[in-house]
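The structure under discussion appears below in the form of structure tokens.
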Amino acid sequence: MNYTVQQIAEITNAEVIGDKNLVVKNIAYDSRIIYSIKNTAFIAINTHKNSGEKFIEAAIDRGINIIISEHQYPQFENITWIIVKNSVDFLQQLAKYHFENSHLRSIGITGSNGKTILKEWLYQCLWNEFPTVKSPKSFNSQIGLPLSLLQINDSHQLGIFEVGISHPNEMEKLENIFHPQIGLLTHIGNAHAANFSSEEELIDEKIKLFKDSEIIIYNGDHSLVDQKIKKLYSDKKLISYGLKETNDVFIKNNISKDENILVEYFGEEISFPAHQRDEATLTNATALIAVLKVLQVENKKIIEKINLLKAIEMRLEAIEGNKGNIVINDSFNLDLDSLKTALQFLKEYNKPKKSLVLTDIVGVNTNSKELYEEVSELVNEQYFDSVFLIGNEISKFSELFKSKTFTFIDTKELIESKHLSEIENQIILLKGARKFEIEKLKDILELRKHDTVLEVNLNAILHNINYHKSLLKPGTKMMAMVKANAYGLGSYEISEFLQHHHIDYLGVAYVDEGVELRKKGITTPIIVMNPEQHSYQTIIEYNLEPEIYSFRVLELFYEAVQKSGYDKKYPIHIKLETGMHRLGFKDFELDQLSETLSEKNLKVQSMFSHLSSSDMPEEKEFTFKQLDIFEKNSSFLTEKLGYSPLRHILNSSGITSYTDHQHDMVRIGIGMLGESPDTEIQKQLQSVVSFKTVISQISMVENGESVGYSRKFKPDHLTKIATIPVGYADGIPRLIGNQVGSLGVNKILAPIVGNICMDMMMINVENIPNVKEGDMVTVFNAKPSLKEFAGYCKTITYEVLTSISPRVKRIYIKD
Ligand SMILES: *Cc1c(COP(=O)(O)O)cnc(C)c1O
């Protein structure tokens, strides 16, 4: 976009205070990830859950001088304000105007699953055919879609946008803003069916997006979808795709037998090799081909592009580097948009010094001078310490870069220069086109080579949190339990991520855990569940909030508050006993408790209890009794106190099974890690953790020989045995040796044989084709799943996770 403040105000009926002639090219909505302040306005978005206005100050501190907000804050000087009635309506009005006045071909993608992947695939295939703009990440909602549309500028010829809805009547509003020429309907599943009375209602709602489309491309394997589209849109050009032969685009051959996949498109055949052959991937591939054909991409090119897709790993990874560095590796593709995304990602880290490795941008048809001018402007705004440019093209423009800048012909030359070994305590962004293979730098910069890792997918945590939130009322708060090192995954890393995503509360077990978080910069309120008596001073010093579960703790803590000289009401959390018989005030203590509390200068921030069996359907009656007692006792206390503390009792399985009892807050734990006892809910969650290692050695063991300590495994025929560098000191219980448990190799289970050693174990790999040393082994979370693994160990998933030894390196993945 490119408007003056005056134009924006006219389009949206807003009021301007300040300089009407300023130009706005970008709208930033998150003060933490503003990557450029030039021609950028900050919008304070107010939703029913949150007010963006509290971040105005941070945006102004970053250097923004145009603020779009529902209210003006006159304390900030020299700011131009665009004052709007409703921030979300404003965005939608502006986006609608902007889209309708742009001249691009547009593709609108909706459906239940596969929207983001299809959008990314299409983008990968099309960005060097036409200048293309797309929604970032999965920005597809009432706010995300307008923000995506506002990225369109005059140079774009094609726009690919995702449109997502989760409630009835939402599509009409979105279609009013964005009416794509080409509509693409992906798989319809039951991901959001919860808010719809039937699948039919869901389909009716989604296909409203295509009201003004010229062409509709849809999955014809779904017969209801097929019927509905044909009936409602008989006047449009319709193209169905899918696995069934009745579709216009379909897979013709036997996918489990033949080497290549053969797709038929209106009588033409397109054949390509495919590695992933699951139904979802192949269905998406037919959709992709349908769109590419509509855009008149030649068959030969389509095949080339599909072949390139297989290497896609759509993620930005953050790796602990050597010498105190953090390495952000984004070495998969490079264009302006993905550079912006990576620069935003950098903002999430607060290392004072940073360096950038950047390569030529390949395959774009634009004027390279203009392109690198824009690149250098973006880069200059980040104040990198050093910039390393790789490639002949970009090196020509090295003068444009203001940091200390070095140029190299290729990655090898940079490696040989030894510059990288001089970087200390920095964040290093690796951003390059694939052909430069800058992932080789990652290997050099990485802290230690670890064959054994516990990989934590932060995006999946966010997905799981959002899933649980979608079940709750909009105003219900959420506490994330990060006790026991966040169930073994890394308390700081998880808390930092959750804080970034505005979690309301964090819960730890012990004071030390809270202190560590505060020391590392976590400012979110933290409740300490087990405040030990020697730790009360520390609690106060670090602004932590204790759980108070007995009169003894109440008196001792209050003494500490008085001694500390704290002169306001200190926040505490009252634990009520309702049936768990662990900690808490009992019924008969409540009278006295209310009296004691009213005499003291303390503020009851919340009252809560804990369900002992929310994961057990057979204990429903007992759970309802706990919920009743909590309701009664917390109401009693609220009345006596004369104010209303927050109330909360639901843990993860409580959220899904006893949603009506959410009160003011819920406490999520294992659910955010993607585990649920309910198989239906389990399907909606994403797997967060995987424990991986590699094969150290393979041995052929003959009949008569034996494996491991005490000769516990003696094969009766020549058997292929693999040694794995993980043992009981890593947290694998010894009891799953001797063929009780199995590990996954190439998606096949290989039984553990013999006794598990301290640092190693052996598995039988005779049934695994082509297995070799160095191959990856999954301890859990694929095959076997975390649940299956917990089954081998005769315990619950919680204990498996918290038992993994700290020496196993945790790595964190984010988009
Ligand atoms: C650990 C804990 C939770 C979270 O339980 P999950 O079953 O993991 O959701 C909630 N509340 C309290 C008091 C806890 O100790």
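The values are calculated or read from the model by the stated rules, or taken from the named source; none is laboratory data. The shown structure was predicted, so the numbers you read here are calculated from the model rather than taken from an experiment. No Cβ is skipped: glycine too gets one built from the backbone with ideal geometry, and neighbour counts run over all protein chains shown. Calculation scope for accessible area: heavy atoms of the full protein, side chains included, ligands and nucleic acids excluded. Shrake-Rupley method; radii C 1.70, N 1.55, O 1.52, S 1.80 Å.
Is it fair to say SER213 is of a type in the set (Gly, Ala, Ser) and buried (at least 19 other Cβ atoms within 10 Å of the Cβ)? Explain how you work it out, then say what you get.
Working: of a type in the set (Gly, Ala, Ser): yes; buried (at least 19 other Cβ atoms within 10 Å of the Cβ): yes.
Judged against the criteria, SER213 is a match.
Quick check: anything in the range 592-600 within 16 Å of the ligand (Cβ to nearest atom) and surrounded by fewer than 17 Cβ atoms within 10 Å (Cβ to Cβ)?
Within the range 592-600, the first condition is being within 16 Å of the ligand (Cβ to nearest atom), and the residues that meet it are none.
No; the residues of the range 592-600 include none that is within 16 Å of the ligand (Cβ to nearest atom) and surrounded by fewer than 17 Cβ atoms within 10 Å (Cβ to Cβ).
Under 27 Å from GLY671 (Cβ atoms), assigned by TED's automatic domain parsing to the domain that holds HIS663 and among the hydroxyl-bearing types (Ser, Thr, Tyr): which single residue out of THR638, THR578, THR596 fits that description? Spell out how you get there, then give the answer.
Working: THR638 fails: under 27 Å from GLY671 (Cβ atoms); THR596 fails: under 27 Å from GLY671 (Cβ atoms).
Answer to the check: THR578.
Checking the conditions here, which among ILE655, ILE629 is surrounded by 22 or more Cβ atoms within 10 Å (Cβ to Cβ) and assigned by TED's automatic domain parsing to the domain that holds ASN464? Talk me through it step by step, then tell me what you get.
Details: ILE629 fails: surrounded by 22 or more Cβ atoms within 10 Å (Cβ to Cβ).
Of ILE655, ILE629, the one residue that is surrounded by 22 or more Cβ atoms within 10 Å (Cβ to Cβ) and assigned by TED's automatic domain parsing to the domain that holds ASN464 is ILE655.
For the range 477-505, how many residues meet the condition of being open to solvent by 20 Å² or more (accessible area, probe 1.4 Å), on the phi < 0 side of the Ramachandran plot and polar (S, T, N, Q)?
Selection size over the range 477-505: 1.
Run down VAL753, VAL689, VAL740 and say which single residue is farther than 30 Å from LYS473 by Cα and surrounded by 21 or more Cβ atoms within 10 Å (Cβ to Cβ). Explain how you work it out, then say what you get.
On the way: VAL689 fails: farther than 30 Å from LYS473 by Cα; VAL740 fails: surrounded by 21 or more Cβ atoms within 10 Å (Cβ to Cβ).
Among VAL753, VAL689, VAL740, only VAL753 is farther than 30 Å from LYS473 by Cα and surrounded by 21 or more Cβ atoms within 10 Å (Cβ to Cβ).
For the range 88-97, which residues satisfy the criterion of being surrounded by fewer than 21 Cβ atoms within 10 Å (Cβ to Cβ) and out of contact with any Phe, Trp or Tyr (no Cβ under 8 Å at 6 or more places or on another chain)?
Going residue by residue through the range 88-97, those that are surrounded by fewer than 21 Cβ atoms within 10 Å (Cβ to Cβ) are 88-89, 93, 96-97.
Those that are surrounded by fewer than 21 Cβ atoms within 10 Å (Cβ to Cβ) and out of contact with any Phe, Trp or Tyr (no Cβ under 8 Å at 6 or more places or on another chain): VAL88, ASP89, GLN93, TYR97.
Restricting the range 506-534 to residues that are open to solvent by 10 Å² or more (accessible area, probe 1.4 Å) and outside any loop (DSSP other than H, G, I, E, B), which is nearest to the ligand (Cβ to nearest atom)?
Per the stated criteria, the residue is GLU513.
Select, from GLN626, GLN592, GLN605, the only residue that is under 30 Å from GLU541 (Cα atoms) and either assigned to a helix (DSSP H, G or I) or among the hydrophobic types (A, V, I, L, M, F, W, C) (or both). Before the answer, list the steps.
Values: GLN626 fails: under 30 Å from GLU541 (Cα atoms); GLN605 fails: either assigned to a helix (DSSP H, G or I) or among the hydrophobic types (A, V, I, L, M, F, W, C) (or both).
So the residue among GLN626, GLN592, GLN605 that is under 30 Å from GLU541 (Cα atoms) and either assigned to a helix (DSSP H, G or I) or among the hydrophobic types (A, V, I, L, M, F, W, C) (or both) is GLN592.
Hey, could you check the range 604-629 for residues that are charged (D, E, K, R) and under 16 Å from ILE796 (Cβ atoms) and say which is farthest from the ligand (Cβ to nearest atom)?
The first filter runs over the range 604-629 and keeps only residues charged (D, E, K, R), leaving 615, 618-621, 625, 628.
From what's left, under 16 Å from ILE796 (Cβ atoms): 615, 619.
Working: ASP615: 7, GLU619: 14 Å.
Per the stated criteria, the residue is GLU619.
Which members of the range 779-815 meet the condition of being aliphatic (A, V, I, L, M), at pLDDT 95 or above and in contact with a strand residue (DSSP E or B) (Cβ under 8 Å, 6 or more places away or on another chain)?
Result: VAL779, LEU786, VAL800, LEU801, ILE804.
Hey, among the residues in the range 541-551 that are at pLDDT 95 or above and open to solvent by 10 Å² or more (accessible area, probe 1.4 Å), which one's nearest to the chain's Cα centre (by Cα)? Please lay out each step first, then the result.
Applying the first criterion (at pLDDT 95 or above) to the range 541-551 yields 544-551.
Of the ones still in play, those that are also open to solvent by 10 Å² or more (accessible area, probe 1.4 Å) are 545, 549-551.
Working: GLU545: 28, TYR549: 36, SER550: 39, PHE551: 42 Å.
Once the filter is applied, the top-ranked residue is GLU545.
If the Cβ limit is 8 Å and pairs must be 6+ apart or interchain, which residue in the range 558-579 that is on the phi > 0 side of the Ramachandran plot pairs with which residue that is among the hydrophobic types (A, V, I, L, M, F, W, C)?
Pairs found: GLY579/PHE622; GLY579/ILE629.
Identify all residues within the range 65-120 that are of a type in the set (S, T, N, Q) and over 17 Å from ALA41 (Cβ atoms); write none if there are none. Steps first, answer last, please.
Pass one, the range 65-120, residues of a type in the set (S, T, N, Q): 65, 69, 72, 75, 78, 80, 86-87, 92-93, 101-102, 106, 110, 112-113, 116.
Matches in the range 65-120: GLN75, ASN101, SER102, SER106, THR110, SER112, ASN113, THR116.
Within the bounds of the range 113-126, is there any residue that is modelled with pLDDT of 90 or more, among the hydrophobic types (A, V, I, L, M, F, W, C) and in contact with a His (Cβ under 7 Å, 6 or more places away or on another chain)?
No: the range 113-126 contains no residue that is modelled with pLDDT of 90 or more, among the hydrophobic types (A, V, I, L, M, F, W, C) and in contact with a His (Cβ under 7 Å, 6 or more places away or on another chain).
Of the residues ILE428, ILE394, ILE415, which is in a helix (DSSP H, G or I), of a type outside the set (D, E, K, R) and either surrounded by 21 or more Cβ atoms within 10 Å (Cβ to Cβ) or under 29 Å from the mean Cα position of the chain (by Cα) (or both)?
Working: ILE428 fails: in a helix (DSSP H, G or I); ILE415 fails: either surrounded by 21 or more Cβ atoms within 10 Å (Cβ to Cβ) or under 29 Å from the mean Cα position of the chain (by Cα) (or both).
Result of the check over ILE428, ILE394, ILE415: ILE394.
Which numbered condition in (1) outside any helix (DSSP H, G or I); (2) open to solvent by less than 10 Å² (accessible area, probe 1.4 Å); (3) not hydrophobic (A, V, I, L, M, F, W, C) is the only one that ASN464 fails?
(1)
Counting just the residues of the range 431-448 that are within 22 Å of LYS347 (Cα to Cα) and part of a helix (DSSP H, G or I), which one comes out most open to solvent (accessible area, probe 1.4 Å)?
My answer is GLU439.
Take the residues in the range 630-650 that are under 36 Å from the mean Cα position of the chain (by Cα), without any contact (Cβ under 8 Å) to a residue 60 or more places away in the chain and outside any strand (DSSP E or B); name whichever of them is nearest to the ligand (Cβ to nearest atom). Explain how you work it out, then say what you get.
Step one: of the range 630-650, the residues under 36 Å from the mean Cα position of the chain (by Cα) are 630-631, 634, 644-650.
Next, from what is left, pick out any that are without any contact (Cβ under 8 Å) to a residue 60 or more places away in the chain: 630-631, 634, 644, 647, 650.
Then keep just the ones that are outside any strand (DSSP E or B); that gives 630-631, 634, 644, 650.
On the way: PHE630: 13, GLU631: 17, SER634: 15, SER644: 21, LEU650: 8 Å.
Result: LEU650.
Please determine, by comparing only the residues of the range 793-814 that are assigned to a helix (DSSP H, G or I) and out of contact with any Phe, Trp or Tyr (no Cβ under 9 Å at 6 or more places or on another chain), which one is farthest from the ligand (Cβ to nearest atom). Full working, then the answer.
Step one: of the range 793-814, the residues assigned to a helix (DSSP H, G or I) are 797-803.
Narrowing further to those that are out of contact with any Phe, Trp or Tyr (no Cβ under 9 Å at 6 or more places or on another chain): 799, 803.
Numbers: GLU799: 12, SER803: 15 Å.
Residue satisfying both the conditions and the ranking: SER803.
Please go through the range 477-505 and give me each residue that is without any contact (Cβ under 8 Å) to a residue 60 or more places away in the chain, away from the ligand (no atom under 16 Å from the Cβ) and farther than 22 Å from LYS49 by Cα, ordered by number.
TYR492
Looking for something over 30 Å from THR452 (Cβ atoms) and within 16 Å of the ligand (Cβ to nearest atom) - is there at least one such residue anywhere in the range 693-708? Before the answer, list the steps.
Filtering the range 693-708 for residues over 30 Å from THR452 (Cβ atoms) gives 703-704.
Going one step further and asking which of them are within 16 Å of the ligand (Cβ to nearest atom), we end up with none.
So far as the range 693-708 goes, no, none of its residues is over 30 Å from THR452 (Cβ atoms) and within 16 Å of the ligand (Cβ to nearest atom).
Quick check, is SER535 over 36 Å from the mean Cα position of the chain (by Cα) and of a type in the set (S, T, N, Q)? Please lay out each step first, then the result.
On the way: over 36 Å from the mean Cα position of the chain (by Cα): no; of a type in the set (S, T, N, Q): yes.
In short, no.
Within the range 663-675, take every residue that is more than 9 Å from the ligand (Cβ to nearest atom) and open to solvent by less than 10 Å² (accessible area, probe 1.4 Å) and give me the one that is farthest from ASP628 (Cα to Cα).
Here is the first cut: in the range 663-675, the ones more than 9 Å from the ligand (Cβ to nearest atom) are 663-665, 674.
Imposing the further condition that a residue be open to solvent by less than 10 Å² (accessible area, probe 1.4 Å) reduces the set to 665, 674.
On the way: MET665: 17, GLY674: 29 Å.
Checked the range 663-675; the qualifying residue farthest from ASP628 (Cα to Cα) is GLY674.
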